[in-house]
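Visitor: Structure below; questions to follow.
The values are calculated or read from the model by the stated rules, or taken from the named source; none is laboratory data. What you see is a predicted model, and the numbers here were worked out from it, not measured in a lab. Every residue, glycine as well, gets a Cβ built from its backbone with ideal geometry; the counts of neighbours run over all protein chains shown.
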Amino acid sequence: MRARCDGRLLLMVLFLGFTHRLLPLFHPRLPSPSPSLVRSAMSQPDFSTPRPVVKRVLAKQQHEGQGAVVRRSIGRNELRSLDPFLMLDEFSVSPPAGFPDHPHRGFETVTYMLQGAFTHQDFAGNRGTIRTGDVQWMTAGRGIIHSEMPAGEGVNKGLQLWINLSSRDKMIEPRYQELLSEDIGTAEDDGVEVRVIAGEAMGVRSPVYTRTPTMYLDFTLKPGARLNQSIHESWTAFVYVIEGEGVFGSADSTPVPAHNLLVLGPGDGVSVWNESSKPLRFVLIGGQPLNEPVAQHGPFVMNTPAQIDQAIEDYQYGKNGFEMARYWRSRSVG
């Protein structure tokens, strides 16, 4: 199925389930901003107030794009948004399924490949393939039309996170930051390994520039390992379990298995235990809340309904960032 510039009808077909609305923001009553740094300690926490788990959401399977299956956690009715985060999908896609030509405006997408490869193309002529362990950080800004299709045989898996942009950044020029797996900083200590995609942990800092201040850490804990990771006190933070099961927040909590998202409450750090016989892998993601109104219609995220109407009109008539929308079509991946 190819995307065409047919305005509202197209958006309803491609993004069934989204509505044109002001989104309520889930915010776990975080304290006022703190200048504390993000850092970690394995045995003794270097934070004073551990964050509890205040909400748990099972990522349920749903169909998206063209024959693709995703597990969505943020963006479901149970957790419509988590300021500044708009959506988190764990995708599992085999050819010929994928995400054909579609637009974005007003936010960023972060695609992290866990297995396989995806080829990206956009209407500005950019084309590239990200493979296992690679990251693409795309700032849609004023407008992008692109496709994301599997480039490898078999099952291609990954995570895609949507991060909101502030009102001042929603109409900036699009840009990309791509990190190859071998260029992502890593550290290991006492049974804990981290890949630092954004932010800083265990003495390693990512080169990624985040317009909305963000940390994105991929942790693996060996059986019996414990992690103490500090987090900016004023930031929203959550955990998404990829593999295994772990204990989060307090030592007497119930172990949480894969495909669950845990919203962390107020505090300046989190403790994690792997009490199982298998490795535990999860991402810890945090960001500075924007505290701005959110209006969303499918792939367009702005501040007001009027801005959404303008985005749809711009896309439909090929203007204000979508000038190439009428003429561009992606090429087959193969």
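Visitor: Name the residues in the range 187-207 that are crowded, with 19+ Cβ neighbours inside 10 Å, touching a residue at least 60 places away in the same chain (Cβ under 8 Å) and part of a loop (DSSP other than H, G, I, E, B), would you?
Guide: Gly199, Met202, listed by residue number.
Visitor: Among the residues of the range 100-117 satisfying the criterion of being over 16 Å from the mean Cα position of the chain (by Cα) and outside any loop (DSSP other than H, G, I, E, B), which is surrounded by the most Cβ atoms within 10 Å (Cβ to Cβ)? Write out each step before concluding.
Guide: Let us first name the residues in the range 100-117 that are over 16 Å from the mean Cα position of the chain (by Cα), namely 100-103, 115-117.
Those left that are additionally outside any loop (DSSP other than H, G, I, E, B): 100-103, 115, 117.
Values: Pro100: 18, Asp101: 23, His102: 19, Pro103: 26, Gln115: 14, Ala117: 18.
By that ranking, first place goes to Pro103.
Visitor: Residue check: is Asp122 within 19 Å of Met215 (Cα to Cα), more than 17 Å from the chain's Cα centre (by Cα) and not β-branched (Val, Ile, Thr)?
Guide: It is false that Asp122 is within 19 Å of Met215 (Cα to Cα), more than 17 Å from the chain's Cα centre (by Cα) and not β-branched (Val, Ile, Thr).
Visitor: Could you tell me whether the range 308-328 includes any residue that is under 17 Å from Asp83 (Cα atoms), in contact with a Phe, Trp or Tyr (Cβ under 7 Å, 6 or more places away or on another chain) and either modelled with pLDDT under 95 or surrounded by 20 or more Cβ atoms within 10 Å (Cβ to Cβ) (or both)?
Guide: If we filter the range 308-328 for residues that are under 17 Å from Asp83 (Cα atoms), which is where we start, we get none.
No; the residues of the range 308-328 include none that is under 17 Å from Asp83 (Cα atoms), in contact with a Phe, Trp or Tyr (Cβ under 7 Å, 6 or more places away or on another chain) and either modelled with pLDDT under 95 or surrounded by 20 or more Cβ atoms within 10 Å (Cβ to Cβ) (or both).
Visitor: So, one more: In this structure, does Val294 turn out to be without any contact (Cβ under 8 Å) to a residue 40 or more places away in the chain and over 25 Å from His120 (Cβ atoms)? Walk me through it before giving the result.
Guide: Details: without any contact (Cβ under 8 Å) to a residue 40 or more places away in the chain: no; over 25 Å from His120 (Cβ atoms): yes.
In short, no.
Visitor: Confirm whether Ser167 is buried (at least 17 other Cβ atoms within 10 Å of the Cβ) and either touching a residue at least 12 places away in the same chain (Cβ under 8 Å) or more than 23 Å from Gly321 (Cα to Cα) (or both).
Guide: Details: buried (at least 17 other Cβ atoms within 10 Å of the Cβ): no; either touching a residue at least 12 places away in the same chain (Cβ under 8 Å) or more than 23 Å from Gly321 (Cα to Cα) (or both): yes.
Here the answer is no, as Ser167 does not meet what is asked.
Visitor: Can you confirm whether the range 235-243 contains a residue that is closer than 19 Å to Val53 by Cβ and small (Gly, Ala, Ser)?
Guide: Yes, the conditions are met somewhere in the range 235-243.
Visitor: Does Leu217 meet the test of being over 19 Å from the mean Cα position of the chain (by Cα), crowded, with 19+ Cβ neighbours inside 10 Å and either hydroxyl-bearing (Ser, Thr, Tyr) or farther than 26 Å from Arg142 by Cβ (or both)?
Guide: Numbers: over 19 Å from the mean Cα position of the chain (by Cα): no; crowded, with 19+ Cβ neighbours inside 10 Å: yes; either hydroxyl-bearing (Ser, Thr, Tyr) or farther than 26 Å from Arg142 by Cβ (or both): yes.
Considered against the rule, which asks whether it is over 19 Å from the mean Cα position of the chain (by Cα), crowded, with 19+ Cβ neighbours inside 10 Å and either hydroxyl-bearing (Ser, Thr, Tyr) or farther than 26 Å from Arg142 by Cβ (or both), Leu217 comes out as no.
Visitor: Out of curiosity, is Leu88 touching a residue at least 24 places away in the same chain (Cβ under 8 Å), buried (at least 19 other Cβ atoms within 10 Å of the Cβ) and closer than 27 Å to Ser271 by Cβ?
Guide: Working: touching a residue at least 24 places away in the same chain (Cβ under 8 Å): yes; buried (at least 19 other Cβ atoms within 10 Å of the Cβ): yes; closer than 27 Å to Ser271 by Cβ: yes.
Answer is yes for this residue.
Visitor: Take the range 313-324 and flag every residue that is closer than 15 Å to Gly141 by Cβ and of a type in the set (Gly, Ala, Ser).
Guide: Gly321
Visitor: Can you tell me which residues in the range 43-76 are more than 20 Å from the chain's Cα centre (by Cα) and free of Cβ contacts under 8 Å to residues at least 12 places away in the same chain?
Guide: Residues satisfying the conditions do not exist here.
Visitor: Out of the range 118-132, which residues are crowded, with 19+ Cβ neighbours inside 10 Å and farther than 30 Å from Lys319 by Cα?
Guide: Taking the range 118-132 first, the residues crowded, with 19+ Cβ neighbours inside 10 Å are 118-123, 130.
Hits for the range 118-132: nothing passes.
Visitor: In the range 65-75, which residue that is modelled with pLDDT of 95 or more and assigned to a strand (DSSP E or B) is nearest to Glu148 (Cα to Cα)? Can you show your working first?
Guide: Let us first name the residues in the range 65-75 that are modelled with pLDDT of 95 or more, namely 70-75.
Imposing the further condition that a residue be assigned to a strand (DSSP E or B) reduces the set to 70-72.
Numbers: Val70: 14, Arg71: 17, Arg72: 17 Å.
Only one residue fits best here, namely Val70.
Visitor: Can you tell me which of (1) crowded, with 21+ Cβ neighbours inside 10 Å; (2) of a type outside the set (Ser, Thr, Tyr); (3) under 20 Å from Arg71 (Cα atoms) is the one Glu243 doesn't meet?
Guide: Exception for Glu243: condition (1).
Visitor: Show the residue pairs meeting these rules: Cβ distance below 7 Å; 6+ apart or different chains; first residue within the range 244-266 and farther than 30 Å from Ser92 by Cα; second residue in a loop (DSSP other than H, G, I, E, B) and modelled with pLDDT under 95.
Guide: Between residues of the range 244-266 that are farther than 30 Å from Ser92 by Cα and residues that are in a loop (DSSP other than H, G, I, E, B) and modelled with pLDDT under 95, the close pairs are Pro266/Pro28; Pro266/Arg29; Pro266/Leu30; Pro266/Pro31.
Visitor: Then there is this: Kindly establish whether Phe219 is within 24 Å of Phe118 (Cα to Cα) and in contact with a Leu (Cβ under 7 Å, 6 or more places away or on another chain).
Guide: Working: within 24 Å of Phe118 (Cα to Cα): yes; in contact with a Leu (Cβ under 7 Å, 6 or more places away or on another chain): yes.
Answer is yes for this residue.
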